[in-house]
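To start, the structure itself, in structure tokens.
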Amino acid sequence: MKPFRQCLMAVVVLSVVLLVSCKPDRSRLDDGHIRAGKSGVHQDLFRIRYRPKWQAQAQFAGIYMAESRGIYEQYGLDVEIQGLLQAQDAIDSLKSGTSDVVHLDLLRAIDVLRDSTWITNIGQINQKNAILLVGKRSRGINSLNDFKGKKLGEWRSGSYLITDIFLKGSKIPMEIVPIDGSINLFTQNVVDVVNVMRYNEYHQLLQAGIKEEDLFVADLSELGYQIPDEGFYVSKEFYSLHPNECKAFVDATMDGWLYAFSHPEEAIDEVVKRMQQDNIRANRAHQRWMLDKMKEVIMPIAGDLGKLKKTDYQNAIKLMTEYYNFTRDIPFEEFCPNGAQK
Amino acid sequence: MAHRSEDRTIAYQLISFVFAFMLIIFLASILVTRSLYHDIMLDNQLDNMRHLAHERIYLIDGILFRVESIARISRSVFSDYSLTDDERAGFLREILMENPQIHSICIADKATEGKPPLVMFTVRHKLTEREVPGHSYQYADWFQIPFITEEPFWTEPWVDTDGLGELIISYSLPVFETGVRTGLLRFDIRLSYLQELIAGSSYFKVGSSFLVSTTGTLVAHRDMDLVMNHTLFSLKQEYSEPSLEKLGYAMISGEQGHLKINGKSPFGRSWVYYQPLLSNHWSVGVAVDEDYLMRDVYAILMIQTVASVLIFFFVAIIIYARVLNVSRPLKRLALAADRIGGGDFDVQIPESNKSHEIATLSNSFISMQASLKEYIKNLRITTEEKNQIRGDVIFASEIQTKLVPSNTKHPCGVKELRAYGILEPAGDIGGDLYDYFMIDEDHFCFVIADVLGKGIVAAMAMTMAATLLPSIAPHVKSSNELLKELNSFLCRNNIESNFVTALLGIIDLKTGKLQFSNCGHVPLYIRKMDRSFTKYGETHATALGVFENLNIGYDELDLTIGDELILYTDGVTEAMNVDEEFLGFTGLEEILRKLPAPNPETTATMILESVHHFARGSSHKDDITLLVIDYKHPGFLED
């Protein structure tokens with residue numbers, strides 16, 4: 001019996017040793033976040049779960065390059081790029097704690113702070129919005145005035161707020177048809193005007209055989225509605241616990257964007273690879289266009305890369321107050337602790 | 001750049017010419033053949049492509065129309081009969097099971113009442129049904145477009161996430177109850193099913209059928225990487241090939257026709273025939289590689305090329321052999337000509353009867369050889385005679401030279417005088433003369449003369465004058481009388497009637513008195529020690545040897561110490577430069593002004609050099625004679 005006990009003890013001790021040695025190099029922090037030690041990297045990495053706004057495409061090339069080129073690791077981060085969670089809204093992802101960092105439109109971010117300031121802008125990717133309203137000249141649309149009374153295919157989620165504000169501000173009554181990402185309602189003439197991003201759906205229309213000269217294009221940013229859209233947002237609680245990691249995430253991502261802009265073909269290779277892995281339709285010409293147009297919205301002028309400008313924020317608050325009954329006065333520093341004081 | 005002579009042989013030139021000529025004919029024939037056959041072959045192949053496209057369209061339209069028909073019948077059953085939900089579902093289950101080409105059916109007939117759509121599909125012949133959760137379906141094309149338009153609608157391919165997650169195309173048609181739109185029925189076909197139908201064509205070994213949707217999307221193509229990823233317009237952007245865009249517009253516009261696609265895209269270097277489907281207005285294309293389409297033309301052109309090369313090769317060999325044969329006598333002729341050129345005029349000229357031209361050439365060579373022999377013989381005689389005359393002339397020249405006094409420091413040993421003379425005939429012998437001699441102990445006589453003309457006759461006249469003057473001078477002692485005697489002598493003995501210009505002077509060594517007479521000769525210059533000079537241009541008679549009773553005058557003047565008499569012939573003043581301008585008296589005086597202190601040798605030499613310098617490059621030649629005498633130069637006192 002003694003040898004059996006000795007053997008049993010040895011097995012138990014060996015199992016404990018094995019369990020200890022096989023345990024991942026992770027330590028749980030006070031807030032429940034994990035520091036993960038990557039093999040071959042001797043420093044602890046802070047794990048961030050990032051939720052992109054849409055499926056893989058060049059709109060997120062900077063994030064992909066930051067990950068694939070190891071820029072996040074250099075900033076001490078282990079970033080998990082989550083798949084598209086169609087069933088869940090980005091706000092819900094933050095609320096439920098499914099994601100740490102999400103992509104949000106500035107107006108939408110302000111809109112969800114009607115009761116309390118529970119989310120924080122940690123970085124502003126796009127300094128300029130890329131929203132266009134396009135109509136076919138063949139359908140009699142040759143000016144903004146021709147929009148009146150026509151059907152507008154408008155995104156039912158995401159960046160619809162600026163379009164609504166534009167229509168209200170310009171006093172253009174239109175019949176709104178809520179749509180998802182499809183351009184087919186427009187190509188099939190079910191709607192007369194459609195809401196598109198210059199870097200994405202607009203080029204899809206061109207690739208569907210619609211000629212640029214056959215389109216009337218209203219660029220909202222050039223019509224006095226220059227409100228930057230995409231930014232990075234976290235819960236206020238998350239920011240208060242990890243301000244340095246939030247800043248590191250934004251800085252690393254913008255480094256990724258700079259790398260993507262200076263190595264466009266490599267960035268497109270990476271984007272197309274990810275699209276193919278996710279079984280998403282991909283053609284390089286479209287992704288090249290998208291990367292090129294993203295550069296125009298991310299870096300319209302030099303300086304303040306990745307930071308929300310105070311004036312842009314104030315303009316957004318003003319529009320929301322005027323057209324969307326927003327009544328709170330949230331200080332810029334509270335909404336965006338790392339913003340640019342201009 | 002010059003070719004080496006061996007490169008330009010007759011064979012080389014003939015072969016090059018024939019090659020160039022044949023090349024032009026060959027290229028022209030290839031172009032004509034290609035052009036003619038290209039159109040014929042293209043027409044034939046386009047017929048085949050058209051048949052193939054019709055076949056595919058018949059197959060696909062057959063299925064799509066059948067689905068449309070089933071959908072309409074279903075909708076009619078729903079509207080015409082009061083069926084319960086279970087009966088409706090049961091009816092559609094029957095349809096799904098009996099029509100394998102239908103992948104799935106979605107019942108969303110009561111969407112407006114909030115009833116969730118029901119998707120039914122078969123998995124391994126087993127019916128499966130699933131409710132579609134949420135409301136997102138209302139924003140999908142299959143629902144939204146026909147729901148708004150209230151018209152049936154064929155969708156673009158989409159991923160059926162509520163079913164098996166496959167790419168499908170759907171036919172949706174709105175359902176009405178008592179005239180009110182309540183929802184939709186949707187009938188799905190797998191895209192892969194249509195892709196198999198398109199890929200089933202194997203008429204062409206190189207080429208393929210493809211299917212393009214109403215947005216220009218490639219929904220079926222043998223290159224699966226293109227399918228659903230590219231439109232014809234994105235390919236145009238990717239490959240910068242405008243013909244792809246043209247094809248795209250034609251296909252999405254429902255046109256029918258054919259087009260050549262260039263560039264390096266997957267459609268590059270191919271012909272495409274396209275025609276629309278009647279059901280959903282997609283377009284079927286048949287693409288065939290240009291090389292495959294034209295393979296028969298290329299085969300003909302290849303045969304033509306090989307035949308042309310062979311013909312050229314044989315023609316070149318024949319030309320080379322023939323030219324070698326014909327040119328052999330020419331080579332022998334060339335060798336004989338080389339020997340004649342080397343002086344062997346007796347060499348045997350080869351004769352040839354190979355061709356008329358070469359025989360003519362041989363005869364011409366023989367004739368030329370005889371002429372050359374005769375010419376050389378005459379030339380030899382003439383040369384001997386010329387050499388004899390030349391010897392005589394040289395001898396005469398030597399005699400003439402010896403008639404002229406040699407230059408010594410003091411002429412005739414007279415210490416009061418220095419003299420220096422130069423006689424430079426234009427040819428071997430000349431017609432100029434200068435001379436000086438003592439008449440008696442106190443009188444020094446000098447003369448310079450120029451006979452009209454040159455050569456032997458002039459020299460003979462000069463020789464007579466030179467011989468006569470010293471012999472008569474002791475008896476006459478006067479310059480004009482001496483010249484009169486000379487004139488009489490010349491008139492009596494002048495065979496050729498050559499006249500003579502002469503300037504003769506007598507210096508009285510004791511008194512320094514100079515008496516001189518100028519008969520048609522150029523003026524005398526007298527330079528002083530201060531380098532000033534005086535021109536004595538007056539003549540005392542015309543030239544000698546023309547009028548027998550000629551009156552000749554004279555002038556007298558007193559020479560002072562260091563006076564330098566400069567005498568010359570018209571060869572000096574009539575020296576001509578390259579612009580055919582004479583030196584003249586102005587030029588001569590210009591030379592005199594630049595002369596150093598009087599010294600006969602220096603003066604004579606420098607005048608001659610200056611005249612040569614003036615006349616350099618000119619072909620004009622005349623006898624030049626200079627005689628410079630100075631009187632009681634200070635050097636005399638030292639002596």
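The values are calculated or read from the model by the stated rules, or taken from the named source; none is laboratory data. The structure presented is a predicted model; accordingly, all values stated were derived computationally and were not measured. As a convention, Cβ positions derive from the backbone with ideal geometry for all residues, glycine included, and neighbour counts pool all protein chains shown. Just so you know, the surface numbers come from the protein's heavy atoms only, side chains and all, with ligands and any DNA or RNA stripped out. Shrake-Rupley method; radii C 1.70, N 1.55, O 1.52, S 1.80 Å.
Annotations for the structure displayed:
- B:L469 open to solvent by less than 40 Å² (accessible area, probe 1.4 Å), modelled with pLDDT of 85 or more, in contact with a Phe, Trp or Tyr (Cβ under 7 Å, 6 or more places away or on another chain) and within 24 Å of B:E556 (Cβ to Cβ): no
- When residues in the range A:181-229 are screened for being within 14 Å of another protein chain (Cβ to nearest Cβ), open to solvent by 30 Å² or more (accessible area, probe 1.4 Å) and in contact with a strand residue (DSSP E or B) (Cβ under 7 Å, 6 or more places away or on another chain), 1 of them pass.
- Residue-level check: of (1) in a helix (DSSP H, G or I); (2) free of Cβ contacts under 8 Å to residues at least 24 places away in the same chain, B:L83 misses just (1).
- Restricting B:R527, B:R492 to those that are of a type in the set (K, R), in the same structural domain as B:T603 (by TED's automatic domain parsing) and farther than 18 Å from B:F446 by Cβ reduces the list to B:R492.
- Selection status of B:E580, over 59 Å from the mean Cα position of the chain (by Cα) and open to solvent by 80 Å² or more (accessible area, probe 1.4 Å): no
- Counting only residues that are in a loop (DSSP other than H, G, I, E, B), of a type in the set (S, T, N, Q) and out of contact with any Pro (no Cβ under 9 Å at 6 or more places or on another chain), the range A:317-342 holds 3 of them.
- The range B:305-315, subset closer than 17 Å to B:L14 by Cα and touching a residue at least 60 places away in the same chain (Cβ under 8 Å), residue surrounded by the most Cβ atoms within 10 Å (Cβ to Cβ): B:F312
- Any hit, the range A:163-180, residues being more than 14 Å from chain B (Cβ to nearest Cβ) and under 26 Å from A:L291 (Cβ atoms): yes
- Qualifying residue in the range A:185-194 (condition: in the same structural domain as A:Y313 (by TED's automatic domain parsing) and free of Cβ contacts under 8 Å to residues at least 40 places away in the same chain): no
- Cross-chain or 6+ apart pairs with Cβ under 7 Å, the range B:558-570 first and closer than 19 Å to B:T602 by Cβ, then crowded, with 23+ Cβ neighbours inside 10 Å and of a type in the set (D, E): B:G562/B:D630; B:D563/B:D630; B:E564/B:D630
- Complete set of residues in the range B:367-405 that are surrounded by 15 or more Cβ atoms within 10 Å (Cβ to Cβ) and part of a helix (DSSP H, G or I): B:Q369, B:V393, B:A396, B:S397, B:Q400, B:L403
- Tally, over the range B:91-140, of residues that are within 14 Å of chain A (Cβ to nearest Cβ), touching a Lys or Arg at 6+ places or on another chain (Cβ under 8 Å) and surrounded by fewer than 17 Cβ atoms within 10 Å (Cβ to Cβ): 0
- Checked against (1) at pLDDT below 90; (2) buried (at least 21 other Cβ atoms within 10 Å of the Cβ); (3) farther than 22 Å from B:S479 by Cβ, B:G562 passes all but condition (2).
- Count - residues of the range B:585-635 that are outside any helix (DSSP H, G or I) and under 53 Å from the mean Cα position of the chain (by Cα): 8
- Candidates A:F232, A:F261 - the one that is out of contact with any Pro (no Cβ under 6 Å at 6 or more places or on another chain), more than 14 Å from chain B (Cβ to nearest Cβ), crowded, with 19+ Cβ neighbours inside 10 Å and in contact (Cβ under 8 Å) with a residue 24 or more places away in the chain: A:F232
- For the range B:316-326, filtering for residues that are open to solvent by 40 Å² or more (accessible area, probe 1.4 Å) and in contact (Cβ under 8 Å) with a residue 24 or more places away in the chain leaves 4.
- All strands (runs of 3 or more DSSP E) inside the range A:105-165 with 3 or more residues being more than 17 Å from A:F335 (Cβ to Cβ): A:131-136, A:151-155
- Which listed residue, of A:K53, A:K95, is open to solvent by 10 Å² or more (accessible area, probe 1.4 Å), in contact with a strand residue (DSSP E or B) (Cβ under 9 Å, 6 or more places away or on another chain), in the same structural domain as A:N283 (by TED's automatic domain parsing) and under 19 Å from A:G181 (Cβ atoms): A:K53
- Search result, residues across the range B:142-155 that are farther than 27 Å from B:M97 by Cβ and either within 9 Å of another protein chain (Cβ to nearest Cβ) or among the charged types (D, E, K, R) (or both): B:Q144, B:I145, B:I148, B:T149, B:E150, B:E151
- Filtering A:K295, A:K273 for residues that are open to solvent by 10 Å² or more (accessible area, probe 1.4 Å) and either within 14 Å of chain B (Cβ to nearest Cβ) or touching a strand residue (DSSP E or B) at 6+ places or on another chain (Cβ under 8 Å) (or both) leaves a single hit, A:K273.
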